[in-house]
Amino acid sequence: MSMSPTLQSTEQGQTYQNFIAGEWRNSKSGTTFSSTNPANTDEIVGYYQKSTVADLDEAVAA
């Protein structure tokens, strides 16, 4: 089991995955949302998984 996520980097930040049942996974929705630097709202810090209830259920069951 690897604790380090597989990150996808872009010029505008990295894409992070969910850690569920010992694995790094994309969300069931297949979509992400961005988080911006509050001191510079033009700078995207990263992209995070838009998790669903199904993702939550899998995490709780793990």
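When you go through D57, D42 one by one, which is the residue that is modelled with pLDDT under 95 and over 12 Å from the mean Cα position of the chain (by Cα)?
D42
In the set (1) modelled with pLDDT of 95 or more; (2) among the hydroxyl-bearing types (S, T, Y); (3) loosely packed, with under 11 Cβ neighbours inside 10 Å, the condition left unmet by S9 is number (1). Would you pick out the residues in the range 27-62 that are assigned to a loop (DSSP other than H, G, I, E, B) and more than 16 Å from G13 (Cβ to Cβ)? Of everything in the range 27-62, those that are assigned to a loop (DSSP other than H, G, I, E, B) and more than 16 Å from G13 (Cβ to Cβ) turn out to be S27, K28, S29, G30, S51, T52, A62. Annotation: of all residues in the range 30-45 being of a type in the set (G, A, S) and out of contact with any strand residue (DSSP E or B) (no Cβ under 8 Å at 6 or more places or on another chain), the one that is surrounded by the fewest Cβ atoms within 10 Å (Cβ to Cβ) is A39.
The values are calculated or read from the model by the stated rules, or taken from the named source; none is laboratory data. Computed from a predicted model, the values in this text were never measured in an experiment. All Cβ positions, even for glycine, are placed from backbone atoms using ideal geometry, and neighbour counts span all protein chains on display.
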